[in-house]
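A.B. asks: Attaching a single structure in structure tokens format; questions to follow.
The values are calculated or read from the model by the stated rules, or taken from the named source; none is laboratory data. Please read all numbers here as calculations on a predicted model, not as lab measurements. A quick note on method: Cβ atoms are made from the backbone with ideal geometry, for glycine too, and the neighbour counts reach across all protein chains shown. All accessible areas refer to the heavy atoms of the entire protein, side chains included, with ligands and DNA or RNA removed. Shrake-Rupley method; radii C 1.70, N 1.55, O 1.52, S 1.80 Å.
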Amino acid sequence: MQSAQRSTPRRPLLALLGPTACGKTEAAVALARELPVEVIAADSRQLRRGMRIGTAAPSDAELAAVPHHLVGIVEPDAPWTLADWLRAARSAIASCHERGRLPLLVAGTGQYAWALLEGWQVPAVPPDPVLRAELEALAEEAGGPALARRLARVDPESAARIDTRNVRRLIRAIEIVEATGAPVPPLERGDPGLVWRAVGLARSRAELYARADERAASLYANGLLEETRALIRRYGRSFPALASVGYREAVRVIEGAWDVEQALARTRTETHRLIRQQATWFRASDPRIRWVAARAGGAVTRALLEEAERLSPGRRAARDPASATAMR
């Protein structure tokens, strides 16, 4: 965890990290009963409007229990980059401090979390709708490997490190190269302007898979197909967010290619893969993260309170019920 002294004041931030289905939202709600916090959501899918069911976004009750930022803030088909998220997150953090609240970063998307906490310098290259449409069509026709081959011609290092299944990252890399005329620049870290502490929710891989499988089944019971149909009616079938886990399988059901059981099986498999991928961002060996068994709810809350006290001694105060309003 960060301890180096800096000449400029840094704002406190508490982070709650962990993969899909580990129980982060429940832990955030429990903490809000003890401490005046506001959630800064670091989830690349939950920020999309109208995609609450398929992304397992916080429920209305959870949104009412603790203020949330960066949930449901952009249209499903709107261009959105890491630089956009960082700008929005920093603004939300500043607003929390203005109200005397402690920002709680609740992060499942590791790239978002570390970009904020480590002060990444991200190229501010705006999206190119025409190029994106071309590349999305290429991905639809020939898959991620075709994008990787195109990227390799101009930036072989980026092509080698990006998973060919990660179409969005491949497209973004090509977009940056096309705009700048140079390879994607190496990652640079700067001063994030924050002093932070992080708690991670630990569960066994088997337990995470079981919880994710149960969640996948609940998506269909809660109306995933109806939500997906509504998205298709309004935005069509080609926007990238519809290709994310859960939605792409639901589309196959709507098209008549699969039945629900086939879609569920594939969703579970892909979610397991996502959980393994998230583990590479949130490593058990990372000394900056204090890992706590997620099953021990009381221990999780105590750990978060202790880390908050280290950030801002004496911050703990009676929770203001009037502040529990969803901030999207």
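A.B. asks: Pull out a ≥ b ≥ c, the square roots of the eigenvalues of the alpha-carbon gyration tensor of the range 86-150, then state rounded if a/c is under 1.5, prolate if not and a/b is larger than b/c, and oblate in the remaining case. Don't skip to the answer; put the middle values down first.
C.D. replies: On the way: a/c = 3.24, a/b = 2.60, b/c = 1.25.
Prolate, because a/c is 1.5 or more and a/b exceeds b/c.
A.B. asks: Using the Kirkwood formula on the Cα atoms of the chain, what hydrodynamic radius do you get, in angstrom to one decimal?
C.D. replies: 20.8 Å
A.B. asks: From zero outward in steps of 5 Å, how is the percent of C-alpha pairs of the range 157-229 spread across the bins?
C.D. replies: 3, 11, 11, 9, 10, 16, 18, 14, 8, 1
A.B. asks: Can you work out the base-10 log of I(q)/I(0) for the range 39-100 at q = 0.14, 0.16, 0.22, 0.23 1/Å, using the Debye formula on its C-alpha atoms alone?
C.D. replies: With no solvent term, the Cα-only Debye profile gives -0.40, -0.52, -0.93, -1.00.
A.B. asks: Using only C-alpha atoms and all pairs of different ones, pull out the Kirkwood radius for the range 170-295 in Å with one decimal.
C.D. replies: Numbers: mean 1/r = 0.0559 Å⁻¹.
Evaluated on the range 170-295, it is 17.9 Å.
A.B. asks: Hey, another quick one. Taking only protein heavy atoms and a 1.4 Å probe, what accessible area per residue, in Å², does the chain have with all protein chains in place? The partial results should precede the final answer.
C.D. replies: On the way: 15240 Å² over 328 residues.
That works out to 46 Å² for each residue.
A.B. asks: Hey, another quick one. Residue 77 versus residue 137, label points 7 Å from Cα toward the beta carbon: distance in nm?
C.D. replies: 1.5 nm
A.B. asks: May I pose another question? Using the Kyte-Doolittle scale, which helices in the chain average at least -0.5 and also have C-alpha atoms spread 18 Å or more along the helix axis, with helices defined as whole DSSP H runs? Present the calculation step by step, with values, prior to reporting the outcome.
C.D. replies: Values: long enough: 82-98 (24 Å, 0.11); 129-142 (19 Å, 0.19); 167-180 (20 Å, 0.58); 205-221 (24 Å, -0.53); 260-281 (31 Å, -0.94); 297-311 (21 Å, 0.00).
Span-like helices here: 82-98, 129-142, 167-180, 297-311.
A.B. asks: Run the accessible area of the range 58-116 with a 1.4 Å probe and give the carbon-and-sulfur part as a rounded percent.
C.D. replies: Working: 930 of 1770 Å².
After summing per-atom areas, the C and S share lands at 52 percent.
A.B. asks: In whole percent, how big is the carbon plus sulfur part of the accessible area of the range 123-268, probe 1.4 Å, protein atoms only? It would help to have the intermediate numbers written out before the result.
C.D. replies: On the way: 3970 of 7700 Å².
That fraction is 52 percent.
A.B. asks: Would you give the gap between the C-alpha center of the range 88-133 and the C-alpha center of the range 174-199, rounded to a whole Å?
C.D. replies: The two parts, judged by their Cα centres, are 11 Å apart.
A.B. asks: Could you pull the Cα extents of the range 190-229 along its three principal axes, largest to smallest, in whole Å?
C.D. replies: That gives 44, 29, 14 Å along the principal axes, largest extent first.
A.B. asks: Same structure again: Can you tell me the length gained on complete extension of the stretch residue 153 to residue 254, counting 0.36 nm per residue apart and subtracting the Cα distance?
C.D. replies: Values: separation 101, 0.36 × 101 = 36.36 nm, distance 3.74 nm.
Length gained between residue 153 and residue 254: 32.6 nm.
A.B. asks: Obtain the nm distance between the two label points defined at residue 238 and residue 90 by a simple spin-label model: each point lies 7 Å from its Cα along the Cα-to-C-beta direction.
C.D. replies: With each label point 7 Å from Cα toward Cβ, the separation is 3.4 nm.
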